[in-house]
Amino acid sequence: MSADPVVGQPIRVLVVDDQALVRAGFRMILEIEPDLDVVGEAADGEAAVAMAAEVSPDVVLMDVRMPGVDGIEATRRLVGGAQDGGPRVVMLTTFDMDKYVYAALQAGASGFLLKDVQPELLVAGIRAVHAGESLLAPTVTRRMIESFIDRGPSVAVDSAAAQRLSSLTAREREVLALVARGLSNAEIAGELFVSETTVKTHVGRVLMKIGVRDRVQAVIFAYESGVTIRAT
């Protein structure tokens, strides 16, 4: 499976949706981009997992709701079962209020896009996810935060998570908490009175130390570990 981006190589994309017209539409958009290569299509989650094993995609565009194995379970298999972390998975949803979005993020997805996304935003999103960034609309981040606040802080942090938390410096822990509030690098820089470059360095170190691939997973890790700053 895919791991880190390779400079100069096209981004290998697998398109997964139970509607042939949707897959064809995405393929048409992506294939005109010189740095994107559609390496396969699948109509359900089970076929997606099998196809990914054959074609080793960098990014998977994954429909959430499909017959048989759905996008959430397929994502769990792709990301959780791969020694190198698997491909980046971007969930495709009809509405950003989709009740399955949070479950998909917990399964390891790097974010989501609406199916009616503008072509340029689709392309930009794939490139961003491949580069290690996340695609998460503010509305989803806010709902995630509200969900964790309603539940209250985690009362039991497993030893591995506790060890990763203890490896963070005080400033890195502060940055993690601000990431968990859904703040961008620019907003964190404003909160801490430092440069965006400094924040980017801190965020990179935090992700490495807690063992997650992107900001989405960092948000989940932070709240499940009790590292929270109440959103205002």
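Looking only at residues in segment 48-99 that are surrounded by fewer than 24 Cβ atoms within 10 Å (Cβ to Cβ), outside any strand (DSSP E or B) and among the hydroxyl-bearing types (Ser, Thr, Tyr), which one is modelled with the highest pLDDT? Of everything passing the filter in segment 48-99, SER56 is modelled with the highest pLDDT. Can you spot a residue in segment 207-230 that is among the polar types (S, T, N, Q), over 30 Å from GLY25 (Cβ atoms) and either touching a helix residue (DSSP H, G or I) at 6+ places or on another chain (Cβ under 7 Å) or modelled with pLDDT of 85 or more (or both)? Yes - at least one qualifying residue is present in segment 207-230. Inside segment 30-81, residues that are of a type in the set (D, E, K, R), closer than 20 Å to ALA103 by Cα and in contact (Cβ under 8 Å) with a residue 60 or more places away in the chain make up a count of 0. Close contacts from segment 175-196, counting a first residue that is assigned by TED's automatic domain parsing to the domain that holds LEU207 and farther than 16 Å from LEU207 by Cα and a second that is among the β-branched types (Val, Ile, Thr) and crowded, with 19+ Cβ neighbours inside 10 Å, with Cβ to Cβ under 6 Å and a gap of 6+ residues or different chains, come to ALA189/VAL199. The single condition among (1) of a type outside the set (Lys, Arg); (2) outside any loop (DSSP other than H, G, I, E, B); (3) out of contact with any Asp or Glu (no Cβ under 7 Å at 6 or more places or on another chain) that HIS202 does not meet is (3). Among the residues of segment 28-87, those identified as among the aliphatic types (A, V, I, L, M) and within 16 Å of SER110 (Cα to Cα) are VAL59, VAL60, LEU61, MET62, VAL64, ILE72, ALA74, LEU78, VAL79, ALA82.
The values are calculated or read from the model by the stated rules, or taken from the named source; none is laboratory data. The model shown is predicted, which means the values in this text are computed figures rather than measured ones. Cβ atoms come from the backbone with ideal geometry, glycine included; neighbour counts cover every protein chain shown.
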